[in-house]
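Data block below; observations after.
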Amino acid sequence: MEYVGCHLSISDGYVSMAETAERIGANTFAFFIRNPRGGNSRKPSQEEIAEFNHATEKFAPLVVHGAYTMNLCSDKEDVRNKAVGMLKDDLELMEQIPGNYYNFHPGSHLFQGIQAGTCFIAEALNGILDAGQSTVVLLETMAGKGSEIGQNFQELAAVLDKIRCKEKAGVCFDTCHVWDAGYDIRDNLDSVLDVFDHAIGIDKLKAVHINDSLYGRGSRKDRHAKLGKGTIGLEALERIVKHPALAGKPFILETPCNLTEYQQEIALVNNWLGEA
Ligand code: FE
Ligand code: FE
Ligand code: ZN
């Protein structure tokens, strides 16, 4: 089964997202569980949750996104504590929509170094992840802006290796980020996935953010582009979507699209998958 969807806005409520997804041909989607720049999450009512869970029953795992401001490895203790609070809160809410993915940016170590950064992230996760939870948290591969952790697979492996509830953690593979970080997914996809497999284990790759990139390989810019409107290009994106190692994963578009354009991109990806 193929699962393709896009990023949707939660501003009209949970149920409306599920309806929108259905309308544009998506069978999975992503949304920010709280304001991406921080702030509080909207607490849905029990009825809203029940209706949402019913409407998304036949969907693939959703790939819910944590806030950008959640920095589990900040050099400031209060920022770290706030991040831990957000994560705890978000994962509590996630258990109301059970069995989905919670994807987040690992964090920025702010010149404390990768070693310190990965330790803080793992420590935070070890304090929160519970063997009984239904949510699997996904660390996102990052473009490498500033001091972002996760711009190479080894950094993500360093976090995952330290996590005790191993089956509750994985990776979300963002094509724009991986490319911007320097991995040649355009002309050497097999070898990039091989490097991933050796560093992390391909079984840990649970979801894909399928984006083109405005800037070149290794640019570390993190500027998403519509499919075919960037430096990765349609041919390479088609190869990624059809790659057997990624078969059956939820593919989430995070391109600068309105809903009509998202509908077209979902159709394009489904078309590729239909031919796979
Ligand atoms: Fe992200
Ligand atoms: Fe992403
Ligand atoms: Zn990005």
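The values are calculated or read from the model by the stated rules, or taken from the named source; none is laboratory data. Only a predicted model underlies this, so the values are computations on that prediction, with no experimental measurement involved. Quick reminder, even Gly has a Cβ in these numbers, built from the backbone with ideal geometry, and neighbours come from all protein chains shown.
Points worth noting:
Residue-by-condition table, conditions (1) within 14 Å of ligand 1 (Cβ to nearest atom); (2) at pLDDT below 95; (3) within 30 Å of Ala50 (Cβ to Cβ):
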residue: Met70; (1), (2), (3): yes, no, yes
residue: Asp75; (1), (2), (3): no, no, no
residue: Lys88; (1), (2), (3): no, no, yes
residue: Met94; (1), (2), (3): no, no, yes
residue: Tyr102; (1), (2), (3): yes, no, yes
residue: Gln115; (1), (2), (3): no, no, no
residue: Glu123; (1), (2), (3): no, no, no
residue: Gly127; (1), (2), (3): no, no, no
residue: Ala131; (1), (2), (3): no, no, yes
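- Considering residues of segment 186-231 that are away from ligand 2 (no atom under 16 Å from the Cβ) and among the small types (Gly, Ala, Ser) only, the residue surrounded by the most Cβ atoms within 10 Å (Cβ to Cβ): Ala199
- Long-range neighbours under 9 Å by Cβ, at least six apart or interchain, first residue closer than 26 Å to Glu140 by Cβ within segment 42-71, second crowded, with 17+ Cβ neighbours inside 10 Å and acidic (Asp, Glu): Ala60/Glu2; Val64/Asp90; His65/Glu140; His65/Glu254; Gly66/Asp90; Ala67/Asp90; Met70/Asp90
- When segment 174-184 is limited to residues that are under 24 Å from Glu265 (Cβ atoms) and away from ligand 2 (no atom under 14 Å from the Cβ), the one that is surrounded by the most Cβ atoms within 10 Å (Cβ to Cβ) turns out to be Tyr183.
- Flag for Gly228 being at positive phi, away from ligand 3 (no atom under 16 Å from the Cβ) and modelled with pLDDT of 95 or more: yes
- In segment 122-139, the residues that are in a helix (DSSP H, G or I) and either in contact with a strand residue (DSSP E or B) (Cβ under 8 Å, 6 or more places away or on another chain) or within 16 Å of ligand 3 (Cβ to nearest atom) (or both): Leu125
- Of the residues making up segment 242-275, those that are in a loop (DSSP other than H, G, I, E, B), touching a strand residue (DSSP E or B) at 6+ places or on another chain (Cβ under 6 Å) and under 23 Å from Lys204 (Cβ atoms) are Lys249, Glu254.
- In this structure, Lys221 does satisfy being of a type in the set (Lys, Arg) and touching a helix residue (DSSP H, G or I) at 6+ places or on another chain (Cβ under 6 Å).
- Helices (runs of 4 or more DSSP H) contained entirely in segment 140-241, each with at least 1 residues that are away from ligand 1 (no atom under 16 Å from the Cβ): 153-162, 189-199
- Residue in segment 128-140 that is away from ligand 2 (no atom under 16 Å from the Cβ), under 30 Å from Glu22 (Cβ atoms) and hydrophobic (A, V, I, L, M, F, W, C) present: yes
- Given (1) away from ligand 1 (no atom under 16 Å from the Cβ); (2) under 20 Å from the mean Cα position of the chain (by Cα); (3) farther than 17 Å from Ile185 by Cα; (4) acidic (Asp, Glu), index of the condition Glu261 fails: (2)
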